[in-house]
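Some notes on the structure that comes next.
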C-alpha cells in the first residue's frame, strides 16, 4: 500500500518522533519540527506516537493514493484538497485508491503533517525513519517516489480534534525560556535587552536553527569551549543575536547560551513565517516538566 | 569537583573543569561510561565534550531533582581508577601530499618545515578524541604540536572531500563525508568513514586514542584512495 509522489513540493520529508541514543556519536535528534501537530495526527488515527509521517513545508506537494487509506492532515493550512475539493484538517479522512491529495496554497502556518493509519514505512536509519538533510541521512521526496504504509483503512473514522485545541499560527509568539547553561553569566543589562524586545524571525531559518534579528546584546562573551546542545538552546552569537537550535542542529556548539526554549513552544515556532515577531519570557523548570509530562501522558509518549 | 546545571526541561549538563586537558577528557570518558550504565533506566542521550557531559533523561520516569541526586551519588562514590577503561587505540593511514592536502604547501612555507618534518610532527603523536560533533562521526582530536598549529581559514571551503585530514588551531580531524569546512587540509585517508557503512558511526568514541600512519601514494591508491 502506498502513495505515489506526483509533485514533491518545496520540501517534503518523512519524519518520526526522532533519533535517540546516538548523540554521543554526533547524530542529531532530527524528527518532526512541530510535535503538537504531529502527535495529534498520529493520535487521531490511533497510531503509535513514533509512527512516521510526511512533513510538508510550504506545500506544492501532490500525491496519488495507490490504495485505500485512512489519513489525518494537521498543522499548517496549505490548502489541502482531495481531487480538487477542499478538506478539513485535524480529523480522520478515508481516501480511496486513485484519489489525488494536494497542498497548493500557503494559507496559514509553515508545515503540514500527513499521517496515515499504521505509519509510513520508509527506511530506518539508526533506529529512526527521520530524514536529516544536514547529515545526509535519507532524502527529501522527489517526483516518482513511492511512500508505502502498513495498514488499510480504519473503521474508527471521523475522529476529529476538539476545536478548542486549534492553534492560531498567525499570532506573534512568546517563547517560554528556561534559565539553563550560561544564563547566570549574562548580566542584568544583557538580560533586559533580551527579554524586553520583540525580535523578528530572519530568513536564516530552517530545521537546524532559527536566527532572530533585533537589537544586539552588547559585549556577549565570544566563543567558548564547545559543549552538548539540547533541543531549543538559545545561542547568542558574537554579534549579539540569538539563534534557537532546532531538531537537525549539531549535537555540540561553541556559543554561550542564554537559556533553552520550552519544547512545546518550539512546536509553535515551527509554524511561524519569516518576519513574525518573537519575544521571550522566563519559565520555571518544574512547571515545564509538569506541562511536558502531561503532554507525554496525553499522547502516550514513552 | 563538578557542577550540574539544567540544559532543558529534560536534560542537565555536568561541568568537570574549564580547560581541555588529556586528564580531564579521560575523566569525562570514564564518567560517561559510568553514568550510561548506572542511569540506563532513565537516560535518553549523553554527550561528552572537552569539559562537560550533557545528559537527557526520560521525564516520565524521573524529575530534575532526583536525576541530579542520583548523578551526584554515582560521581562521588566512584573513583576513576576503579574501573577499566573501554577506550581503544585507532590507527588511520594518511597520505600527506600537496595533491590531496589543499593547504599543505602554505602551511609548510609558513612554518618553515620540509614535508618530511611536517609528517613526522603530525604522525608521531597519539591524539585523544575530545568530542564528536559538527557532523556524525566527526572526531575532534587533540592536541596538535605547537609547531604546526594554524587557525581555521578566514571563510570555509564549500566542499572538502571525504577522508580529508585537517588542522584547526590545536586540533586535528578527519572529515567523514564531503562537507563544507574551514580546517587547513594537510592530507587524506583512503579509508571510508561515511555512514554508508553504518558501523562507521561508532568508529570513534570520546577518550579513544588515535595514531596517524603516513602512507605513500601507491599505498594510498591500493587502499582505495582517490588522487
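The values are calculated or read from the model by the stated rules, or taken from the named source; none is laboratory data. These numbers were taken from a predicted model, which means no experiment stands behind them. FYI the Cβ positions are ideal-geometry reconstructions off the backbone, even for glycines, and counts take in every protein chain you see.
Here are the numbers for this structure:
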| read-out | value |
| --- | --- |
| Residue ID - farthest from the chain's Cα centre (by Cα), chosen from residues in segment B:3-20 that are surrounded by fewer than 18 Cβ atoms within 10 Å (Cβ to Cβ) and modelled with pLDDT under 95 | B:18 |
| Residue A:105 vs. criteria modelled with pLDDT under 95 and either within 13 Å of residue A:2 (Cβ to Cβ) or surrounded by fewer than 24 Cβ atoms within 10 Å (Cβ to Cβ) (or both) | yes |
| Considering residues of segment B:67-87 that are in a loop (DSSP other than H, G, I, E, B) and more than 14 Å from every other protein chain (Cβ to nearest Cβ) only, the residue modelled with the highest pLDDT | B:78 |
| Contacts under 9 angstrom Cβ, first residue in segment A:61-80 being outside the structural domain of residue A:43 (by TED's automatic domain parsing), partner assigned to a strand (DSSP E or B) and surrounded by 24 or more Cβ atoms within 10 Å (Cβ to Cβ), 6 or more apart | none |
| Residue list for segment B:120-150, filter: more than 11 Å from chain A (Cβ to nearest Cβ), touching a strand residue (DSSP E or B) at 6+ places or on another chain (Cβ under 7 Å) and farther than 17 Å from residue B:23 by Cβ | B:122, B:123, B:144, B:148, B:149, B:150 |
| Residue within segment B:106-115 that is under 21 Å from the mean Cα position of the chain (by Cα), in the same structural domain as residue B:183 (by TED's automatic domain parsing) and not in a loop (DSSP other than H, G, I, E, B) present | no |
| Which listed residue is in contact with a helix residue (DSSP H, G or I) (Cβ under 8 Å, 6 or more places away or on another chain) and within 13 Å of another protein chain (Cβ to nearest Cβ), from A:183, A:126, A:165 | A:126 |
| Segment A:283-302: number of residues that are farther than 18 Å from residue B:65 by Cβ and either more than 7 Å from chain B (Cβ to nearest Cβ) or surrounded by fewer than 17 Cβ atoms within 10 Å (Cβ to Cβ) (or both) | 8 |
| Considering residues of segment A:253-266 that are without any contact (Cβ under 8 Å) to a residue 40 or more places away in the chain and either in contact with a strand residue (DSSP E or B) (Cβ under 7 Å, 6 or more places away or on another chain) or within 22 Å of residue A:283 (Cα to Cα) (or both) only, the residue nearest to the other protein chains (Cβ to nearest Cβ) | A:253 |
| Close pairs from segment B:26-37: first touching a residue at least 24 places away in the same chain (Cβ under 8 Å), partner part of a helix (DSSP H, G or I), Cβ under 7 Å, at least 6 apart | B:27/B:80; B:30/B:80; B:31/B:75; B:34/B:74; B:35/B:71; B:35/B:74 |
| Flag if residue A:207 is within 23 Å of residue A:31 (Cβ to Cβ), more than 13 Å from chain B (Cβ to nearest Cβ), part of a loop (DSSP other than H, G, I, E, B) and at pLDDT 95 or above | yes |
| Extreme residue, nearest to residue B:136 (Cα to Cα), among residues of segment B:169-210 that are in a strand (DSSP E or B), modelled with pLDDT under 95 and within 12 Å of chain A (Cβ to nearest Cβ) | B:179 |
| Residue check, residue A:229 within 14 Å of chain B (Cβ to nearest Cβ), within 20 Å of residue A:33 (Cα to Cα) and touching a strand residue (DSSP E or B) at 6+ places or on another chain (Cβ under 9 Å) | yes |
| Selection count, segment A:108-134, where residues are in a strand (DSSP E or B) and either surrounded by fewer than 16 Cβ atoms within 10 Å (Cβ to Cβ) or in contact with a strand residue (DSSP E or B) (Cβ under 8 Å, 6 or more places away or on another chain) (or both) | 11 |
| Residue B:184 vs. criteria crowded, with 20+ Cβ neighbours inside 10 Å and within 27 Å of residue B:117 (Cα to Cα) | yes |
